[in-house]
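Peer 1: Got a structure for you, questions after.
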Amino acid sequence: MKKIGLTLLTAVLGGVIAVGGYKLFENKQLDNMSFEERQKVHYANNPENEILSSTGNPDFTQAAAAVSPGVVHIKVTMTRRGSQRGGGGSPFDMFEEFFGMPQRRQAQPRQAQASGSGVILTPDGYIVTNNHVVDEADKIEVQLTDKRTFEAKVIGRDPNTDLALLKVTASNLPIVKMGNSDDVQIGEWVLAVGYPLSLQSTVTAGIVSAKGRQIGILGETQQQPRGYGYGEEQAIVNTAIESFIQTDAVINKGNSGGALVNARGELIGINSAIASPTGVYAGYGFAIPINLAKKILDDFKEFGSVKRGFVGITFNEISEGLRKEKGIDDINGLYVQNVVKGGGAEAAGIKAGDIIKKIDGRTIYSSSDLQERVARLRPGDKVKLTYKRDGKEKEVTVTLKGEEASKSSSGDESTSASATEIFNKLGASFIPATDARKKELGINSGVVVTQVHRGGVFEYFGVERGLVITEVNGRPVNNVDDVEAALANTKRNIVRIKGVPERGSTVEFNVPIEY
């Protein structure tokens, strides 16, 4: 009898060890998977969560019930200097709580609160939202529909796509199933789910009214040299990637970062903007396609930042004026203005004057068709481009280059002045920020402006002593040598500076250097 009991105990222990070992192995495997792969595993193990598309008269009850628990309310606390808006305004409102517009600073900082929405991607707490929702956040609080509340940390964020990835410490959270935004059709029914106007979870319905929309709302204050696979004007003004899904489902302030789902309850977009002359819904909303977001979010999780690949061209969309000027017969495509020396396009044989007709076999109608496709890839990935030259089409394979490689090879875009000359033009003195000061401000790098010299650029733009500069031209700085080295990366005589004043939140500004 004892032998039977011992045998049974041994069998039970062996089973427990085997199950525990399998769970550890399974968890390790999950950590190495993309968000899309993790969701496939989840739904394979939970087939009861699958929902079918509605037929006949529209009925979104199943989709709404499945999605709503996985869309969260994001509450943000930030430190701001008081501001007042001037006159005018844009027809595109990106939810003024989050996007900076021209402001007049007041002397004293204040605590401000704002809110948006987010979408849970994994049961262990990865959440996607908009960059502009958490851009200035000191504290981020996430609330579920069941009233559970978690504090979230930022894993990564990207102003060029307006995406951010958050993480909360939790388990067994409800998630929203990722769909395929490439399959979205104009006229298809969709739902927008979020927390508009400080209301609780809200679902609205509409249709997809357009795809691939560029509205010129992202990256308005950023500067970027030409030659990175973006349009001619876009490359000079910003590095934004816009290829929005346009919908007439009602979206308002607070929907930002929420879900746009199809009738099967699949996530096809992240709500990001509204077109409005009044600041409230006026007929059109815009969502970031989930197929673009998948790659960006996986980059955040793996690297903490976005790894972008570049074709290495500047181009213009074909317009009637360009057709007449260049004698072009084509109606669709992208006219190559310049080819970056040492870039992927040059290696593939593409030349200025060529017309890019297709990418991976898909016809290019606008610049967003190329931008959004390339934005899903990383340096070293390959794309097939079909271009037209002398009336004949040819297909080539282009290996995408990284940003640094493109910058270093773009000789004609280098700064027109030395780093030392630019340093002197700034008219300021710096000392390294102490560890205590960095800890106090919550930063990892920094130099303190100790003097602002008369006649310098800093004096002209009102930069004050005490400002802690954390980055110059996108590079962390910790001493004077770092500042000068970063100034060597100045493009088009514009120095990009990020810092923290003695009182207030992070500021970013561009300083033009004239000669």
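Peer 1: Per q in 0.11, 0.18, 0.22, 0.23 1/Å, what log10 I(q)/I(0) does a Debye calculation on the alpha-carbon atoms of the range 313-411 return?
Peer 2: -0.30, -0.81, -1.19, -1.29
Peer 1: Below 24 Å, Cα to Cα, which lysines can Lys211 reach? Residues fewer than 8 away in the same chain don't count.
Peer 2: Lys177, Lys253, Lys294, Lys295, Lys357, Lys358, Lys384
Peer 1: Between the range 447-514 and the range 312-376, how many Å separate their Cα centres?
Peer 2: 36 Å
Peer 1: What's the extension gain from Gln29 to Ser429 if we count 0.36 nm per residue and subtract their Cα-Cα distance?
Peer 2: Gain on extension, Gln29 to Ser429, equals 138.9 nm.
Peer 1: Shape call for the range 415-512 from the C-alpha gyration tensor, a ≥ b ≥ c root eigenvalues: rounded (a/c under 1.5), prolate (a/b greater than b/c) or oblate?
Peer 2: Verdict is prolate for the range 415-512.
Peer 1: For the charge dipole of the range 313-411, defined by +1 on Lys and Arg C-beta atoms and -1 on Asp and Glu C-beta atoms about the Cα centroid, which residue among Leu370, Gly342, Gly321 has the Cα displaced farthest towards the positive pole?
Peer 2: Value computed over the given set: Gly342.
Peer 1: Still on this model: Roughly how many debye, to the nearest 20, is the charge dipole of the range 313-411 about its Cα centre, given +1 on each Lys and Arg Cβ, -1 on each Asp and Glu Cβ, and no other charges?
Peer 2: It comes to approximately 220 debye.
Each value in this text was obtained by applying a stated rule to the coordinates, not by laboratory testing. This one's a predicted model, so the numbers in the text were calculated from it and none came from an experiment. We place every Cβ from the backbone using ideal geometry, glycine too, and count neighbours over all the protein chains shown.
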